[in-house]
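Let me begin by presenting the structure, written as structure tokens, before commenting on it.
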Amino acid sequence: MLRKLFERMYQTLGPQNWWPGDTPLEICIGAILTQNTNWQNVEKAIKNLKKENLLSIEKLYHLPEDILAILIQPAGYFRVKAKRIKNFINFLMQEYDGNLNNLFSEGLEKARERLLSVSGIGPETADSILLYAGGLPTFVIDAYTKRILIRHGLAVEEMNYEDLREMFMRELPPDPQLYNEYHALFVEVGKRFCRPQKPLCKKCPLEGLSYGEL
């Protein structure tokens with residue numbers, strides 16, 4: 001059933017070429033910055049870091065937190081996010097010699113467990129880092145995904161993040177490229193059609209699909 005959902009979105013919308021980011025570190029920082037804001041604001045914050053040539057683990061490690069907060073201000077909650085970025089960078093420096101590949105080489109389950117131990121890194125952020133920066137087969141669940149699934153009878157409100165993630169990983173092959181494209185398509189459908197209020201159901205590529213038809 002999840003395959004049919006994917007195929008309908010992909011046939012209509014095509015490949016999404018996600019996640020925006022020039023390097024794995026930039027993707028990681030973007031995953032933290034995008035919490036509770038839109039991507040346009042994240043791009044402004046990342047542009048500030050690039051302008052100052054600060055998108056390296058070592059430079060961010062030595063950068064004072066208050067200066068980092070000023071630079072990422074466009075992303076909102078900038079003091080909280082500066083702390084979270086510093087927590088993440090300190091974690092990489094202290095546990096993995098400042099090398100993201102050392103983290104990813106531990107494999108999905110161990111790397112995910114370690115990421116979730118970092119203050120300010122929740123499941124969605126951890127899975128975004130692992131999938132998009134690390135190329136590891138973990139499915140990212142976000143608000144768009146849950147809303148679409150509920151509206152098409154594939155989930156209920158009571159299901160939590162891990163319930164939904166497990167559903168995808170149980171029914172789909174462990175393919176990072178598939179997970180990447182699937183999540184990106186959910187985001188696009190959620191933004192354009194499956195809105196919280198006044199959804200554009202008639203124009204949605206998933207119109208007419210419900211649990212009984214999948």
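Coordinate-derived values only; no laboratory data. Here the structure is a predicted model, which means the values were calculated and not measured. Reconstructed Cβ throughout: ideal geometry from the backbone, glycine too, with neighbour counts over all protein chains shown.
The listed peptides 41-48, 190-197, ordered by packing as a protection proxy, come out as 41-48, 190-197 (highest mean of other Cβ atoms within 10 Å first).
Using the structure shown, list the pairs from Lys86/Lys198; Lys59/Lys191; Lys44/Lys86 with a Cα-Cα distance above 29 Å, or answer none. Provide the component values of the computation, followed by the final result.
Working: Lys86/Lys198 39 Å; Lys59/Lys191 35 Å; Lys44/Lys86 19 Å.
Those over the limit are Lys86/Lys198; Lys59/Lys191.
Using C-alpha pairs below 8 Å separated by at least 6 residues, the relative contact order for the stretch 24-133 is 32 percent.
Adding -39500 (n - 2.57) for every DSSP H run of four residues or longer, then dividing by how many residues the chain holds, sets the calculated 222 nm ellipticity at -17000 deg cm²/dmol.
With respect to the chain, whose longest principal axis is taken over its alpha-carbon atoms, helix 78-96 is tilted by about 80°. Using the Karplus relation 6.51 cos²θ - 1.76 cosθ + 1.60 with θ = phi - 60°, the per-residue 3J(HN,Hα) values for the stretch 2-9 come to 5, 4, 5, 4, 4, 4, 5, 5 Hz, with x marking Gly and Pro. Cross-link reach is defined here as a Cα-Cα straight distance under 19 Å, omitting same-chain residues fewer than 8 places apart; for Lys4 the lysines meeting it are Lys146, Lys202, Lys203.
In this simple spin-label approximation, Lys51 and Asp163 carry label points 7 Å from Cα along the Cα→Cβ vector, and these lie 4.5 nm apart. Each residue of the stretch 47-61 was assigned a 3J(HN,Hα) from its phi angle through the Karplus expression (A = 6.51, B = -1.76, C = 1.60, θ = phi - 60°), giving 4, 5, 5, 5, 4, 8, 6, 10, 7, 9, 4, 5, 5, 5, 5 Hz with x at Gly and Pro.
Relative to the longest principal axis of the Cα atoms of the chain, the long axis of helix 176-192 makes an angle of roughly 70 degrees.
Prolate is the label for the chain, because a/c, from the alpha-carbon gyration tensor with a ≥ b ≥ c as root eigenvalues, is 1.5 or above and a/b exceeds b/c. When Trp19, Trp39 are arranged by Cβ crowding within 10 Å, least crowded first, meaning fewest neighbours, the order is Trp39, Trp19. Using the Karplus relation 6.51 cos²θ - 1.76 cosθ + 1.60 with θ = phi - 60°, the per-residue 3J(HN,Hα) values for the stretch 169-174 come to 6, 7, 9, 10, x, x Hz, with x marking Gly and Pro.
Taking 7 Å steps out from each Cα toward its Cβ at Ala143 and Lys44 produces label points 1.9 nm apart.
When each of the peptides 178-188, 80-90 is scored by how many other beta carbons lie within 10 Å of its residues on average, the order from highest to lowest is 178-188, 80-90. Computed from point charges on the beta carbon alone (+1 for Lys and Arg, -1 for Asp and Glu), the dipole magnitude for the chain about its Cα centre is near 900 Debye.
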